[in-house]
Amino acid sequence: MEDVKIKLTISWLFIAISMTANTILYFTVPGIIDEIMTGKIVGMQTEPELILVMAVAYFWIPLVMALLSVTLKDKINYWINIIFGAFYTVFVLSELLMNVTTVAYPYVILLDTSVIIVAIMIVRNAWKWKSQLIN
């Protein structure tokens, strides 16, 4: 079962790094730094609450999930990975659809698609693990 925990941890770290890369690459888009300096992110007014939500959703949850994937007991572990893996699949898919219809930067499509695939793999690995534990 340790093998599954390691797969889940590496998958969550992949998501955290991909989200970080996505954010860093966003800063290279012409005019974005100027927009951020005026207090806007993707056309939304930057408020401390928005930045907190972004920090939690893009970075904190994947990093905490990486840690929890190797430390939690098996039963809680597979459920939390299924729940958060499904959440990330929907969350990033909705972000990708929004981006494709607005800005469609190729790096966003690449990274978001990769994160969606890995999030689906998290759900699949946790589900298979759950089946093995029950049998």
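Based on what the data block shows, is Val90 out of contact with any helix residue (DSSP H, G or I) (no Cβ under 8 Å at 6 or more places or on another chain) and under 28 Å from Ile24 (Cβ atoms)?
Values: out of contact with any helix residue (DSSP H, G or I) (no Cβ under 8 Å at 6 or more places or on another chain): yes; under 28 Å from Ile24 (Cβ atoms): yes.
So Val90 fits the description; yes.
Going by what's in this entry, would Asp112 be described as touching a residue at least 40 places away in the same chain (Cβ under 8 Å), of a type in the set (Asp, Glu) and crowded, with 18+ Cβ neighbours inside 10 Å?
Values: touching a residue at least 40 places away in the same chain (Cβ under 8 Å): yes; of a type in the set (Asp, Glu): yes; crowded, with 18+ Cβ neighbours inside 10 Å: yes.
Here the answer is yes, as Asp112 does meet what is asked.
For the stretch 79-100, the set of residues classified as among the β-branched types (Val, Ile, Thr) and either within 18 Å of Leu8 (Cβ to Cβ) or surrounded by 14 or more Cβ atoms within 10 Å (Cβ to Cβ) (or both) consists of Ile80, Ile82, Ile83, Thr89, Val92, listed by residue number.
For the structure I just gave you, tell me whether Ile120 is of a type outside the set (Phe, Trp, Tyr), within 26 Å of Asp3 (Cα to Cα) and part of a helix (DSSP H, G or I). I'd like the intermediate steps shown before the answer.
Values: of a type outside the set (Phe, Trp, Tyr): yes; within 26 Å of Asp3 (Cα to Cα): yes; part of a helix (DSSP H, G or I): yes.
In short, yes.
Taken over the stretch 14-47, residues that are within 19 Å of Ile109 (Cα to Cα) and outside any loop (DSSP other than H, G, I, E, B) amount to 15.
Within the stretch 68-94, the set of residues being in a helix (DSSP H, G or I), free of Cβ contacts under 8 Å to residues at least 12 places away in the same chain and aliphatic (A, V, I, L, M) comprises Ile76, Ile83, Val90.
What number of residues in the stretch 91-128 are of a type in the set (Phe, Trp, Tyr) and under 21 Å from Leu63 (Cβ atoms)? If you could, list the steps in order and put the result at the bottom.
In the first step, residues of the stretch 91-128 are kept if they are of a type in the set (Phe, Trp, Tyr); the result is 91, 105, 107, 127.
Narrowing the set further to residues that are under 21 Å from Leu63 (Cβ atoms) leaves 91.
Of the residues in that region, 1 qualify.
The residues listed here are Ile51, Ile32, Ile36, Ile61; of these, the one that is surrounded by fewer than 16 Cβ atoms within 10 Å (Cβ to Cβ), within 18 Å of the chain's Cα centre (by Cα) and either at pLDDT 95 or above or of a type outside the set (Phe, Trp, Tyr) (or both) is Ile51.
The values are calculated or read from the model by the stated rules, or taken from the named source; none is laboratory data. The structure displayed is predicted, hence computed values, not measured ones. Note that we place each Cβ from the backbone using ideal geometry, even for glycine, and neighbour counts take in every protein chain shown.
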